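Reading through the structure tokens given below for one structure.
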Ligand code: 5GP
Ligand code: MN
């Protein structure tokens, strides 16, 4: 963000405003951490702020400070639409295109509010007056920390803000291990711990809250894991029947795709999850090194994301989707073959 924009934003935030803060659909730790972190920060001014999530999110994020204040657009549409229409400012966090907020995107599009994007996904759309977009960032939470610093307000970061921002940095970096984790990321995390983020407790809340049925579902997913060694690829499938057999709850499959990537020699991992009620197959793609799953997903599976982590979807059935995936892979032989 350039200095003049920061100055303009500082002025905007100087007088009380109606503000709506929005994460992407199916919000993850970074989406909820950044929206709630920003929410607590803006609360330190006299603004009227509402966080509106497009749809519900997993239980392992429901302990975040401010969680009880979050409106779910899918459940409370009329009130949410009125808030969007009356907003002076709308912050969109952790997404790069309005359709990523689902049906809510249509309302955001026509809203008269000044829009501010804070995001680290590739190829951002041009809908925001103020854009803080940086694909080199580990997480939107790290960017919210920078944003608060740019506004000269680091001293306002309290335990609640620190806890929210720590959570998103932790989840988006796979607990500080992905390539996007820089020394600056660690520096920010260090400051967040100094400001009161309890790292052991946060890890415990997010990661050590398995149900027995989720572990059984993981067992099934691992049984279904297939490896294509000549293309350094591993993939998992989960059918609706398998999800049903293990009492699937939202968020239960979070992180499963990484098991494929943990195999020796594998640089590309995918998971295909059937969702009968949505009539689609949800796809998560992960890679190590230079192979861009963002580009792969954009080209073949109606999605996108980052170089090493992307999502996508298919409207064909599970088998056809996997067949398509397998048939496409050889075109990436040069990038994926082990001798590369
Ligand atoms: P996941 O596999 O966890 O759903 O998504 C991995 C990453 O890709 C996340 O950062 C997520 O926000 C992003 N992502 C998932 N689906 C899409 C999509 O359709 N478009 C874009 N631009 N990013 C996506
Ligand atoms: Mn993110």
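Just so you know, all these numbers are worked out from the coordinates, no wet-lab data involved. Just so you know, these numbers come straight off a predicted model, no measurement behind them. All Cβ positions, glycine included, derive from the backbone under ideal geometry; neighbour counts span all protein chains shown.
Structure summary
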| item | result |
| --- | --- |
| Rounded to 10°, Cα long-axis angle of helix 77-86 versus longest principal axis of the chain | 50 degrees |
| Principal-axis tilt of helix 212-224 within the chain, Cα atoms, nearest 10 degrees | 50 degrees |
| GNM top mover of 46, 96, 18 - the chain, alpha-carbon springs below 10 Å | 46 |
| Cα centroid of region 144-166 to Cα centroid of region 268-330, whole Å | 35 Å |
| Relative exposure of 209, 164, 141, judged by other C-beta atoms within 10 Å (fewest first) | 209, 164, 141 |
| Sorted by Cβ neighbour density within 10 Å, fewest at the top, the residues 76, 49 | 76, 49 |
| Centre separation in Å (Cα based) which lies between region 174-235 and region 65-83 | 28 Å |
| Gyration tensor over alpha-carbon atoms, the chain, equivalent ellipsoid semi-axes in Å | 34, 21, 20 |
| Rounded to 5, percent antiparallel among DSSP beta bridges of the chain | 45 percent |
| Nearest-ten-degree value, helix 159-172 long axis tilted from longest Cα axis of the chain | 30 degrees |
| Dimensionless Rg/Rh of region 212-332 - Kirkwood Rh, Rg from C-alpha atoms | 0.94 |
| Span per principal axis, largest first, for the Cα atoms of region 1-128 (Å) | 39, 32, 27 |
| Estimated [θ] at 222 nm from DSSP helical runs (n ≥ 4, -39500 (n - 2.57)) normalised by residues in the chain, nearest 500 | -11500 deg cm²/dmol |
| Rel. contact order, % - alpha carbon contacts under 8 angstrom, at least six apart, the chain | 13 percent |
